[in-house]
1. Taking the condition of being of a type in the set (D, E, K, R), crowded, with 16+ Cβ neighbours inside 10 Å and at pLDDT below 90, how many residues in the stretch 305-350 meet it?
2. Scan the stretch 305-329 residue by residue and report those that are in a helix (DSSP H, G or I) and either touching a residue at least 40 places away in the same chain (Cβ under 8 Å) or not basic (Lys, Arg) (or both).
3. Condition first: touching a Ser or Thr at 6+ places or on another chain (Cβ under 9 Å) and in a helix (DSSP H, G or I). Now tell me which residues in the stretch 221-274 satisfy that.
4. Can you tell me which residue within the stretch 193-220, out of those that are of a type in the set (Gly, Ala, Ser) and part of a helix (DSSP H, G or I), is modelled with the highest pLDDT?
5. Looking only at the stretch 416-435, count every residue that is in contact with a helix residue (DSSP H, G or I) (Cβ under 6 Å, 6 or more places away or on another chain) and modelled with pLDDT under 95 and tell me the total.
6. Could you tell me which of the residues Arg236, Arg133, Arg185, Arg145 is farther than 30 Å from Lys18 by Cα and among the basic types (Lys, Arg)?
7. Within the stretch 151-169, can you find the residues that are buried (at least 20 other Cβ atoms within 10 Å of the Cβ) and part of a helix (DSSP H, G or I)?
8. Which residue is surrounded by the most Cβ atoms within 10 Å (Cβ to Cβ), if the candidates are limited to the stretch 425-455 and must be of a type outside the set (S, T, N, Q) and outside any helix (DSSP H, G or I)?
Amino acid sequence: MPFNSPAYSQPPSLRAVKILVVTNLYPPHLADTDDFRCQNVSAALRKRGHTLRVLTSTCGLASDEGHTAHASGASAESRDALVQRRLRINGSFGQSTVTGLGDLRELEARNNNVLREAIAEFEPDVVHVWSLRGLSKSLIITLRRTGIPTCFDVSDTWLAEEFCDDPWLAWWHRERLPAMQKIQRTGLEVSGQRAKWDAVTPIFIEPGLNRLPALFDRDAGTQAAPNSIPALQFRRLYFSSPALQTTTVAAGFRVAHGEVIHPGVDTLLFHGEAKPADAPVKKFLTIARLTPHCGITTTIEALRLVRAQGVKATLTVYGRGSSEVLAKLRTQAVQCGAAVEFRSGGLQRELPGIYQAHDAFIYPVEREEAFVGTPLEAMACGLPVIVNQDHGAEGLFRSQESCLSFPSGDAGELANRMLELMQTPGLAHQLAQVGQNEVLTRYQFTNAVEEIERYLEDTVAQWQSA
């Protein structure tokens, strides 16, 4: 019976599989990010009867901070029955960057050997790969060579934006290299050393493929033509949003066959009653990564325009990220005389209380995000939301029904929406009720877990039938 059949309703214990999760970061060591998705989904899959082990990086372990090139030396590792922290991050999340060929080879050998050992020890039915940002991309080649069913959860831009800069694979596959490196590479190829190294530290993305300039020789700001890279096939993968899939296809990867599984909202954690229809709307909230595209500059200016109308309103900004961006935002808030409070991002369990302590939520982000989560969480907690209509909101929100919207970067229109929410009797309550109902009916976390579970099971089935 196909796994997508409506009759497929066996108890989880009868279709349980062993899942090896491979990811770059795993709580509590998040390297100043706030992505609990991998942990939450993995925990939910365990509750549904599956056996899991997580293989992640040493990033966050005390003796690993700022580790140097000698990847195979004695250094921080952590292992328990569920989580093994053994992989090495290179050049991301505050970790030092390894660039020399010898040191790169040592790091690549370590990471790939760790993966092989984890597979040999755990004997998984399927490998569930999450973000490889900062990790060796050659791990993908090793997984392909094992023949084990492998499924990729693509929920950030590591594939579209970072793969082409992988230092190990780029060194071998670029056409454009400094003259001395070209001479060194040619010598290793002619002598047969490249082929010998490939067995331990994978180099050949496809057998016999020495160069891949379409991927590794891109000029800054340019991309390969969509669907133009035949190598590096990803047989089974799903994306957290249509926008992220479109971005990855536009980067040249042949991934249009992938599915989209929206992460959903854990409504057991994120819930709350909509405020009464006569409750005033004064306290606005935004939660975002502090990047040049976070849109908080627009939000602060909109708040200034609102207060210039004699309307009392405040803004709380929860976010972590660039200290430079934060400094500019603080300066802007002071210069505008706006009532803005900046807080660092809270723990996941603290977020529901943060939402509920405010009257409305603003989602101002000015670029496509891997998934749009915070406004859905706010809706689940009973808040009305105002969203940027141009980036990631398509298909999730219905303006004037489940939310209000404004054009990207338009502080004047955002101010108008804030005033509309504050001055229209009952509007905030109506939007909050409709939005909360949509989350409960369309974006439940449990629905996402069921879709992921079936996708993993289908992955195993396809390998078995091949």
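The values are calculated or read from the model by the stated rules, or taken from the named source; none is laboratory data. Everything quoted here is computed from the prediction, not taken from an experiment. We place every Cβ from the backbone using ideal geometry, glycine too, and count neighbours over all the protein chains shown.
1. Here the count works out to 1.
2. Once the filter is applied, which keeps residues that are in a helix (DSSP H, G or I) and either touching a residue at least 40 places away in the same chain (Cβ under 8 Å) or not basic (Lys, Arg) (or both), the stretch 305-329 yields Leu305, Val306, Ala308, Ser323, Glu324, Val325, Leu326, Ala327, Leu329.
3. Matches in the stretch 221-274: Leu244, Thr247, Thr248.
4. Ala195
5. Summing the residues that are in contact with a helix residue (DSSP H, G or I) (Cβ under 6 Å, 6 or more places away or on another chain) and modelled with pLDDT under 95 in the stretch 416-435 gives 1.
6. Just one listed residue meets the conditions, Arg185.
7. Those that are buried (at least 20 other Cβ atoms within 10 Å of the Cβ) and part of a helix (DSSP H, G or I): Trp158, Leu159, Ala160, Phe163, Cys164, Trp168, Leu169.
8. Of the residues in the stretch 425-455, the ones of a type outside the set (S, T, N, Q) are 425-429, 431-432, 434-435, 438-440, 442-443, 445, 448-455.
Checking the rest, the ones that are also outside any helix (DSSP H, G or I) come to 425-426, 443.
On the way: Pro425: 9, Gly426: 10, Tyr443: 21.
Checking each candidate, the answer is Tyr443.
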